[in-house]
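J.: Next up is a structure, given as structure tokens.
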Amino acid sequence: MVNASAARRETQLKLKTSQEYRQAGFASVGSLIVTLVLLLGSYDWETQAIKPYVWMACAIYGIFTLLQVLLTLLVRRDIMVRGEIHSVTRALGYVQILSLISGNIFLVPAAFQLIRKHKSPEYTLAVYTLLTQIAVIAVSAINLYKPYVADTFLTGMFILLAVTVFHLLVVVLTAKFVRRRQVPRRLVWVAYPLLLTSLTGNLFALALGIILLIRIRNRDNPAVAGWEDVLERLTRNTTAMLGMLFIVFLFSISVCSYVTFDYGMAVDNNYSLILQPPSLAYPLGTDNFGRCLFTRIIFGARISLIVGVMSTILPLFLGGALGAISGYYGRYTDNIIMRVLDVLYAIPGILLAIAIIAAFGANTVNLILALSVGAIPTYARTMRASVLQVSTYEYVDAARAFGSSNAAVIFKHIVPNSLAPMIVKSTLTIGGAVISTSSLSFLGLGIEPHIPEWGNILKLGSTYLETNSYLAIFPGLAIIALVLSFNFLGDGLRDALDPKMD
């Protein structure tokens, strides 16, 4: 009786900790939600007819969703009965990879997760590199239905397809040759082209190329081994990786849109296409000036990402430097710096941003500076707390005993070991910066009205909520998705940087 109970608990623990089962369940739920949304969208309530192309997409999503639910049940049964996933069940993952044709970001990672029993972080990054590239091609290919496309469209699509084939080869090579903390030296010739393909904005390719080079050249370095554990914990986190996938996809499509999208369709008025409903040519419809809403949202991602990231990087460095100096020197230096920052912290950030923009004008640079100033005190406090703790460690005393200068002790020993909380905080606050950017633009105090930006688009769409609600729904969903993605990534980094989470 005791042995049966212990075996049952062990089986439940295996099921709970199974990465394949967790990701399969997550994919089933996410894909089911998307299928239901498509099902509701396939019916035109005005004409009381079914939209053919939406219904077809719904049917394709539904078929692959049912297959994913079946795979989830099979994975659960295998773990409960056999204690491991059967090879036949893993082979079904190859069938599920066909869900690429539907562009379902929930199902494809789960399929790649299932087909490999032993997964290295490099393999996971290679898979997400490939998925990002495929998503960029799929979104760019929608322009084929438009009356005209950019002059560089065909050239750009050809380059993207060639890069995708190379990324598929990288997935195969990492699956075959890379094992846990073992990277063959011959893959150095894969790492350099990966760095080159990151010019498409694919940050997964950049990260994978750098990681391969570091592991090849620093195999026995203890510091590298410590970051390998962080990377492994992060790549096992499904929600964090999906959040990163959306962020990297937006960054990549923002870069590739220079050659695959026509900027004129986002800014030029076309009064013959005013307030057109969603269609194949205009997937998200057109606004009251006849501009393509889909194109405007794609180009608007640039502003949201640039302002969100830059308004986080500036206070990260400035606040981090002030916090490090304050925490290390203490006494009078600490008192002066922190009291000045307390005064700044007492002013609400959004009101300070409004005041700065009202005084110096509304443009992108002023918006970044306005959002950055108000965030400096929070970063300074976070760094100060970390420095106060790290300063008491023995290796800091050893560095002082060997005659290292104060600057060397701070920036070579203390700051590098205090970065983890700052990294987590920065990823969590980028989402807040995106919301602040959109809020100020919505109020008319952010980006200039004629420039495509999600806040501007949302403000314009809010006046048509009763008649053309899609003008506000789609940019609102884009803002929600980006903020959620940064929050998921921040939570994943927090767990990955905490060794107690193992």
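The values are calculated or read from the model by the stated rules, or taken from the named source; none is laboratory data. Everything numeric here is computed off the predicted structure, so don't read it as measured data. Glycine gets a Cβ as well: all are built from the backbone with ideal geometry, and neighbour counts include every protein chain shown. Heads up: the accessible areas ignore ligands, DNA and RNA and are worked out on the full protein's heavy atoms, side chains in. Shrake-Rupley method; radii C 1.70, N 1.55, O 1.52, S 1.80 Å.
J.: Cβ-Cβ under 7 Å, sequence separation 6+ or interchain: first residue in the range 188-205 and farther than 19 Å from Ser254 by Cβ, partner open to solvent by 20 Å² or more (accessible area, probe 1.4 Å) and modelled with pLDDT under 90. Which pairs?
T.: As it stands, the answer is Val188/Leu213; Val190/Leu173; Ala191/Leu213, since those pairs meet every condition given.
J.: Could I ask something else about it? Kindly list the number of the only condition in (1) surrounded by fewer than 22 Cβ atoms within 10 Å (Cβ to Cβ); (2) hydrophobic (A, V, I, L, M, F, W, C); (3) touching a residue at least 24 places away in the same chain (Cβ under 8 Å); (4) assigned to a helix (DSSP H, G or I) that fails for Ile451.
T.: (4) is the only condition that Ile451 fails.
J.: Which numbered condition trips up Gly290, out of (1) at pLDDT 85 or above; (2) in a helix (DSSP H, G or I)?
T.: (2)
J.: Follow-up. If you go through the range 236-250 one residue at a time, do you hit one that is surrounded by fewer than 23 Cβ atoms within 10 Å (Cβ to Cβ), within 27 Å of Val127 (Cβ to Cβ) and small (Gly, Ala, Ser)?
T.: no
J.: With the requirement that a residue be under 18 Å from Phe26 (Cα atoms) and out of contact with any helix residue (DSSP H, G or I) (no Cβ under 6 Å at 6 or more places or on another chain), what does the range 77-91 give you?
T.: Arg77, the sole residue that qualifies.
J.: In this structure, is Ile306 open to solvent by 60 Å² or more (accessible area, probe 1.4 Å) and touching a residue at least 40 places away in the same chain (Cβ under 8 Å)?
T.: yes
J.: A follow-up question, please. Taking only pairs six or more apart or across chains, which ones have beta-carbon atoms under 6 Å, a first residue in the range 401-417 that is more than 13 Å from Gly327 (Cα to Cα), and a second residue that is surrounded by 13 or more Cβ atoms within 10 Å (Cβ to Cβ) and modelled with pLDDT of 80 or more?
T.: Here the result reads Asn417/Val390, each pair linking the range 401-417 to a residue that is surrounded by 13 or more Cβ atoms within 10 Å (Cβ to Cβ) and modelled with pLDDT of 80 or more.
J.: Is there any pair with a first residue in the range 12-23 that is within 16 Å of Arg82 (Cβ to Cβ) and a second that is among the acidic types (Asp, Glu) and at pLDDT 75 or above whose Cβ atoms are under 9 Å apart and which are 6 or more apart or on different chains, and what are they?
T.: Lys14/Glu84
J.: Is it true that Tyr464 is open to solvent by 50 Å² or more (accessible area, probe 1.4 Å) and not in a helix (DSSP H, G or I)?
T.: yes
J.: Right, next: Between Thr65, Thr155, which is closer than 26 Å to Ser279 by Cβ, in a helix (DSSP H, G or I) and hydroxyl-bearing (Ser, Thr, Tyr)?
T.: Thr65
J.: Failed condition for Val149, given (1) part of a loop (DSSP other than H, G, I, E, B); (2) open to solvent by less than 10 Å² (accessible area, probe 1.4 Å); (3) farther than 22 Å from Gly243 by Cβ, with all others met?
T.: Against the list (1) part of a loop (DSSP other than H, G, I, E, B); (2) open to solvent by less than 10 Å² (accessible area, probe 1.4 Å); (3) farther than 22 Å from Gly243 by Cβ, Val149 comes up short only on (2).
J.: Looking at this structure, is Ala266 in contact with a strand residue (DSSP E or B) (Cβ under 9 Å, 6 or more places away or on another chain) and either more than 28 Å from Val483 (Cβ to Cβ) or not in a loop (DSSP other than H, G, I, E, B) (or both)?
T.: yes
J.: Of the residues Arg90, Arg82, only one is surrounded by 12 or more Cβ atoms within 10 Å (Cβ to Cβ), within 17 Å of Glu20 (Cβ to Cβ) and modelled with pLDDT under 85; which?
T.: The conditions single out Arg90.
J.: Sticking with this structure for a sec: Given the criterion within 26 Å of Pro147 (Cα to Cα) and at pLDDT 85 or above, identify the matching residue among Ser272, Ser252.
T.: That would be Ser252, the only listed residue that is within 26 Å of Pro147 (Cα to Cα) and at pLDDT 85 or above.
Here's the yes/no breakdown for (1) part of a loop (DSSP other than H, G, I, E, B); (2) touching a helix residue (DSSP H, G or I) at 6+ places or on another chain (Cβ under 6 Å); (3) at pLDDT 80 or above; (4) of a type in the set (Gly, Ala, Ser):
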| site | (1), (2), (3), (4) |
| --- | --- |
| Arg186 | no, no, no, no |
| Tyr192 | no, no, yes, no |
| Phe204 | no, yes, yes, no |
| Ala225 | no, no, no, yes |
| Glu232 | no, yes, yes, no |
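J.: Ok, one more. What number of residues in the range 173-197 are open to solvent by less than 80 Å² (accessible area, probe 1.4 Å) and closer than 21 Å to Glu232 by Cβ?
T.: Going through the range 173-197 one residue at a time, the tally reaches 11.
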